[in-house]
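Just so you know, all these numbers are worked out from the coordinates, no wet-lab data involved. Since the model is a prediction, treat every value here as computed from it, not as a measurement.
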Amino acid sequence: MPRTIHGEAAGEGGRKIASDRLTRKDASTKRRPPPASGMYAIRDGTLCRVMRGGGSKRTSGTARLPMRIILYCFNWAMLKNARAEARNAGRKTVTAQDMIGALGVMGRKIYGASSE
């Protein structure tokens with residue numbers, strides 16, 4: 001019989017002591033696929049959502065690879081410019097203003113957002 005704080009058996013109103021609780025299976029032993037890296041970190045669902053936002057109803061599998069490459073290269077260039085903006089300001093943390101400034105450097109202004 002497990003020990004309880006009040007001396008009663010479990011199920012009779014007594015609270016169990018933590019050492020008597022059943023432990024869950026360790027989360028680190030569960031088999032998970034490795035996280036995607038690089039270009040394939042942009043999943044198909046994300047691509048379909050971006051394309052639907054652009055007005056398409058359906059997307060074929062052959063259209064997803066070029067779209068994935070374009071998005072990956074654009075994001076890579078934008079993040080590179082944003083890191084340079086943050087470094088130029090003497091910071092290690094990239095802020096939203098750095099991202100807006102990076103878009104301005106790339107010639108894609110966000111109207112209504114100031115990059116100063």
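The table that follows gives values for the structure above.
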{"quantity": "q = 0.14, 0.21, 0.25 Å⁻¹: log10 I(q)/I(0) that the Debye formula gives for the stretch 36-105, counting C-alpha atoms only", "calculated": "-0.54, -0.88, -1.01"}
{"quantity": "Mean Cα-pair separation over length for the stretch 36-105, i.e. relative contact order, pairs under 8 Å, 6 or more apart, %", "calculated": "26"}
{"quantity": "Distance between the stretch 77-116 and the stretch 31-54 - C-alpha centres, whole angstrom", "calculated": "24"}
